[in-house]
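Peer 1: This structure is in structure tokens; I'll ask about it shortly.
The values are calculated or read from the model by the stated rules, or taken from the named source; none is laboratory data. Not measured: the values here are computed from a predicted model. When we count neighbours, we look across all protein chains shown, and the Cβ atoms used for this are built from the backbone with ideal geometry, even at glycine.
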Amino acid sequence: MMKIELPKIYPVASHTDNVGPGTTFVAIPGSKDDGSRYIAVALQRGATQIVIESGLQLSDDMMHAIQVADAKLLVVQNCRQELAHLIAQALDYPAKKLKIIGITGTKGKTSTSYMVHHLLSQQGHKVALISTAEKLIGSKLVSMDLTTPLPEHLHMFFNVCVQHDVEYVVMEVSAQSLTLHRVAGLEFAAGAFTNFSLEHLEFYATMQDYLDAKMQFFSMIKNPQNMFINCDDPYGSIICKEQLQLSSYSFQDKSATWYAMSSLRQGSLSVLVQDHGSIHTISARLVGKFNAYNLFVASLIVHSLGFSFEHIAQAAATLPQIPGRMEQYPLKNGATCFIDYAHNPSSYQAVLSTLRHMTDDLIVVFGAGGARDKSKRPMMGAIVEKYANLAIVTSDNPRNESAADIADDIVAGFTGIDSFKHVRELNRTSAIQLAYELSKQGTIIAVLGKGRDEYQIVGSLTFPFKERAIIRPFMKENNL
């Protein structure tokens, strides 16, 4: 696949790697690092304006260095907000030349974003995508990090989109991106709130703080009727009752703005949507009730932008596998491997309850991330025990924690059900190979936690790690 590279030097930047002659450098005060430490480097690279937050006292030497460089000093109330404003202004507000669709929620953001991207692309429009799995302009990959990139990367991306005649941008909107003002100043043509559950308590003090962060998104939708809330979700239901101007969608409540029925089969699903007395059947080669919700709201978003359900249904029929989301691979011995990004209790519940219906022999290979919310680990262990015949507990980005200690936290969630067995294999490659050795005709192997991530983080080092490459020798046919 062809790649698009963003320019290396930005007109406004918060990282010195992107600073060059004439750049405005914004010194963001961070929890782990402080941008003011890099002002001297920015000046050496040619920065002509330095932005700092009020209350920051620069040393006499630093003030002298700014004067010698003939750079301006701008003092603002909030560097993060100012960064978003300054980069948008410097690029002549590229976001205003695009129709931006935002997807928020604890899970389902990536899958729903991919679906919207595909459904719109199939209508003959040029569409860009910003998701956890990958960033695309049309069908070309763009090299960027973070679920929702930093403001300077985001607006540089928008600028490249404008240069490539993109009309729509579909993007995941994480809670942190709202809290940290990464999407400040953006206006969205449509949006979705997929669901809400335990996540990111390493960043937010309480679940309410996390929910409040996500709810900031609603006011950024140009037309509130184009903001779709899943009212079958307990938190979504409360939001629907409190914010009547937003649209609701449901498989359970016929009084929702949009009500549909879902039909789940072994390798596909259908959503039956009623609109003005007509029933429209939208089908795709996907599995799981959670994907029915994702397809439902993706269809509603595209419909809200002026496209008919008939055309949406035609596009959904050609929807490909979503990278790292229930990716399905038939294996030589008659087993099937699913690779999925699930990494929290609600995702485990959704994925494993779906797979349990498809087999009487479920093997789950999983771990938990280091330096992340520890309370999730025994919960994830308990959910695996509920659905699996065998768990292979392994490592998953242990970072600066001991992989063995993380495994202990997971195993603490097991209660000793007789029909359930578990083993530890902290080498993730060996764990996946072991799962294949122990599988047979009809077995489903669920490899959870990484999805399309192609790395393993141990300590401060990041190593290449491709799960699809590990299962390749076991595959019935090479469809990677």
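Peer 1: Looking at the structure I just gave you, is residue 271 crowded, with 16+ Cβ neighbours inside 10 Å, touching a residue at least 24 places away in the same chain (Cβ under 8 Å) and not in a helix (DSSP H, G or I)? Working first, answer last.
Peer 2: On the way: crowded, with 16+ Cβ neighbours inside 10 Å: yes; touching a residue at least 24 places away in the same chain (Cβ under 8 Å): yes; not in a helix (DSSP H, G or I): yes.
In short, yes.
Peer 1: Also, quick follow-up: Quick one: how many residues across the range 126-150 are touching a strand residue (DSSP E or B) at 6+ places or on another chain (Cβ under 6 Å) and farther than 18 Å from residue 452 by Cα?
Peer 2: Number satisfying all stated conditions: 3.
Peer 1: Then there is this: I'd like the residue in the range 241-268 that is polar (S, T, N, Q) and in contact (Cβ under 8 Å) with a residue 40 or more places away in the chain and, out of all such residues, is surrounded by the fewest Cβ atoms within 10 Å (Cβ to Cβ). Spell out how you get there, then give the answer.
Peer 2: So in the range 241-268, the residues polar (S, T, N, Q) come out as 243, 245, 247-248, 250, 252, 255, 257, 262-263, 266, 268.
Within this subset, residues satisfying the condition of being in contact (Cβ under 8 Å) with a residue 40 or more places away in the chain are 247, 266.
On the way: 247: 22, 266: 8.
Going through the qualifying residues, I end up with 266.
Peer 1: Give just the number: which of (1) at pLDDT below 95; (2) among the small types (Gly, Ala, Ser); (3) more than 30 Å from residue 206 (Cβ to Cβ) does residue 391 not satisfy?
Peer 2: (1)
Peer 1: Given the options 279, 238, 229, name the one that is in the same structural domain as residue 211 (by TED's automatic domain parsing), of a type in the set (Val, Ile, Thr) and closer than 13 Å to residue 194 by Cβ. If you could, list the steps in order and put the result at the bottom.
Peer 2: Details: 279 fails: closer than 13 Å to residue 194 by Cβ; 238 fails: closer than 13 Å to residue 194 by Cβ.
When all the criteria are applied, what remains is 229.
Peer 1: Out of the residues in the range 10-26 meeting the condition of being buried (at least 22 other Cβ atoms within 10 Å of the Cβ) and closer than 13 Å to residue 72 by Cα, tell me which one is nearest to the chain's Cα centre (by Cα).
Peer 2: Checking each candidate, the answer is 26.
Peer 1: I've got another one for you. Restricting to the range 360-378, and then to whatever is surrounded by fewer than 17 Cβ atoms within 10 Å (Cβ to Cβ) and not charged (D, E, K, R), can you tell me which residue is modelled with the lowest pLDDT?
Peer 2: Filtering first and then ranking leaves 371.
Peer 1: Quick one: which strands (runs of 3 or more DSSP E) sit completely within the range 30-145 and have at least 1 residues that are in the same structural domain as residue 227 (by TED's automatic domain parsing) and either more than 30 Å from residue 221 (Cβ to Cβ) or charged (D, E, K, R) (or both)?
Peer 2: On the way: elements: 49-53, 72-76, 99-104, 127-130, 135-137, 140-142.
Ranges flagged: 99-104, 135-137, 140-142.
Peer 1: Then there's this: Residue 408 - would you say it is surrounded by fewer than 18 Cβ atoms within 10 Å (Cβ to Cβ) and either over 22 Å from residue 356 (Cα atoms) or assigned by TED's automatic domain parsing to the domain that holds residue 266 (or both)? Steps first, please.
Peer 2: Details: surrounded by fewer than 18 Cβ atoms within 10 Å (Cβ to Cβ): yes; either over 22 Å from residue 356 (Cα atoms) or assigned by TED's automatic domain parsing to the domain that holds residue 266 (or both): yes.
Taking the combined requirement at face value, the residue satisfies it.
Peer 1: So which residues in the range 309-347 are more than 23 Å from the chain's Cα centre (by Cα) and part of a loop (DSSP other than H, G, I, E, B)?
Peer 2: 317, 332, 333, 334, 335
Peer 1: Quickly run through the range 292-308 and pick out the residues that are assigned to a helix (DSSP H, G or I) and of a type in the set (Ser, Thr, Tyr).
Peer 2: Correct list: 293, 299, 304.
Peer 1: Within the range 432-468, track down each residue that is charged (D, E, K, R) and more than 27 Å from the chain's Cα centre (by Cα). Step through it out loud before you land on a result.
Peer 2: Going through the range 432-468, the residues charged (D, E, K, R) turn out to be 437, 440, 450, 452-454, 466-468.
Of everything in the range 432-468, those that are charged (D, E, K, R) and more than 27 Å from the chain's Cα centre (by Cα) turn out to be 437, 440.
Peer 1: Follow-up question, since we're still on this one. Restricting attention to the range 83-134, which residues are among the charged types (D, E, K, R) and surrounded by fewer than 23 Cβ atoms within 10 Å (Cβ to Cβ)? Lay out the reasoning, then the answer.
Peer 2: First pass over the range 83-134, keeping only residues among the charged types (D, E, K, R): 92, 96-97, 99, 107, 109, 126, 134.
Once the filter is applied, which keeps residues that are among the charged types (D, E, K, R) and surrounded by fewer than 23 Cβ atoms within 10 Å (Cβ to Cβ), the range 83-134 yields 92, 96, 97, 99, 126, 134.
Peer 1: Okay, moving on. Could you grab me the full set of residues in the range 352-387 that are over 15 Å from residue 401 (Cβ atoms), touching a residue at least 40 places away in the same chain (Cβ under 8 Å) and of a type in the set (S, T, N, Q)?
Peer 2: The answer is 354, 359.
Peer 1: Is it the case that some residue within the range 283-292 is within 19 Å of the chain's Cα centre (by Cα), polar (S, T, N, Q) and under 22 Å from residue 354 (Cα atoms)?
Peer 2: yes
Peer 1: Let me ask you something else. Got a number for residues in the range 64-106 being free of Cβ contacts under 8 Å to residues at least 40 places away in the same chain and among the hydroxyl-bearing types (Ser, Thr, Tyr)?
Peer 2: Result for the range 64-106: 1.
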